[in-house]
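Notes to accompany the following structure.
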Amino acid sequence: MISRTFQPTKWTLLFLLLSAMMILMGGAAVAPALPFISEAFSDASDSVISLIITLPALAIALTGIFLGALSDKIGKIKVLIVSIAIFTIAGSSGYYLDNIYALLADRFFLGIGIAGITCTTSSLIPCYYEGITRARVLGYQAAAMGFGVLVLEMSGGWLAGISWHAAFLIYLVGIVILAGVLLTMKEPVLPKIMRDKDESPEQFPTAPLLMAYITLFLGNMLFFLMPVKFPYLIATMDVARILGENTALTSGLFLGIMGCASSLMGLAYGRIVWRFHRNTILTATFVFFGLGYCLLGLASSLVVVGIAVVCVGIAEGILMPTILAWIATITPKQFLGRASGGFSVFLNLGQFASTLAIVPVIAIASTYGIMFVTFGCAGFLLAVPFVFGTLKQKYALPEINPGSKQEI
């Protein structure tokens, strides 16, 4: 049931997507400035400096569930507004701070703001939209997240060239988005939780959501292997020196290609979801992960590397909207904030687990190529349960009825 007093407009959609772009701004926006920050705080260790990137993710993992539950209780728009304000203030404060520990505390508060944005935007979409329109918008959200990382990394790099302080000014984009949210969004009216003695009350779907969260966790763990170890693989390839001895430009180019593939797949997601069962889509997701990483591990030319990163980009572009659609399908709207909070937690736990999982694998593997092939085989193995799910559902009725098409 959509709000009787408010119907989302194209401007609502625009600012929902712009808000979604901020979900991955914890580290991406200031990552290019890290070398300059290390120079400015020469007494700080590399591990302390790296917390500038990882602390926002930790804050999201610690607070996501609570902020999601709070948005269910007091209203999603209220939490979104406060979260964008925190995001803008905490994010841009790096422009003024000259103490590394104050900067780290500030980054933790930034993560709290991002956690609130993730919970509310991910739950507002299924509250505002139904049927095929919802599927399209979830795909647009995934595309916006991927596109946002590309734009923010370029903008952050340009500002970092001015000074490392200037890189933090990119977070002031929150002012524009906050104004748009205030002008274009209203709290959706949700159905009451059933209390009639003759009806079963709606409950939070813990077990089904856990399956979605585990899938997100494993998929995101695989995906974050790319930003963490792909540059190291490229550095070992002689063919990657075609753009000069510094292979950073080559790895950045291929990571950009991966991001473009992910965004394009997000844009096309609305057409895919109504033709295939969720298990089939997730089977394809992990097969693409497996294929991409195996190709990377065996690649001896940049053409093969290009095909591999496109495969990984396609996998990520499918994964995110599929998980969000899964959560929206099985969760009563009264609990969407809490469910989206779980989404934000497992999204970021996947990042942490990726760095931990790499350590024993790289210790055993003699080369980065073998490491990527190992994770590629893991991708194929993760596809197996969804293959069985696809076979089980082959003759079953569709889980979702597309219903009437709501125009955007």
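Tell me which residues, restricted to the stretch 216-240, are under 12 Å from the mean Cα position of the chain (by Cα), hydrophobic (A, V, I, L, M, F, W, C) and open to solvent by less than 20 Å² (accessible area, probe 1.4 Å).
Passing the criteria: only Leu216.
Quick one: how many residues across the stretch 71-103 are farther than 13 Å from Gly116 by Cβ, of a type in the set (D, E, K, R) and surrounded by 16 or more Cβ atoms within 10 Å (Cβ to Cβ)?
So the count comes out to 0.
Please pick out the residue among Gly174, Gly161 that is modelled with pLDDT of 90 or more and out of contact with any Leu (no Cβ under 9 Å at 6 or more places or on another chain).
Step by step, each of Gly174, Gly161 is checked, and only Gly174 is modelled with pLDDT of 90 or more and out of contact with any Leu (no Cβ under 9 Å at 6 or more places or on another chain).
Could you identify the single residue in Lys192, Lys186, Lys197, Lys229 that is at pLDDT 85 or above and on the phi < 0 side of the Ramachandran plot?
Lys186
Need pairs with beta-carbon distance below 6 Å; first residue at pLDDT below 75 and within the stretch 10-30, second of a type outside the set (S, T, N, Q) and open to solvent by 20 Å² or more (accessible area, probe 1.4 Å); sequence gap 6+ or separate chains.
Short answer, once both residue conditions are applied: Leu24/Val149; Gly27/Ile53; Ala28/Val149; Ala28/Glu153; Ala29/Ile170.
Please determine, by comparing only the residues of the stretch 51-70 that are over 14 Å from Phe108 (Cβ atoms) and of a type in the set (Gly, Ala, Ser), which one is surrounded by the most Cβ atoms within 10 Å (Cβ to Cβ).
Selected residue: Gly68.
The values are calculated or read from the model by the stated rules, or taken from the named source; none is laboratory data. Source: prediction; values computed, not measured. Cβ: placed from backbone, ideal geometry, glycine included. Neighbour counts: every protein chain shown. Areas reflect the complete protein model, heavy atoms only, side chains present, ligands, DNA and RNA absent. Shrake-Rupley method; radii C 1.70, N 1.55, O 1.52, S 1.80 Å.
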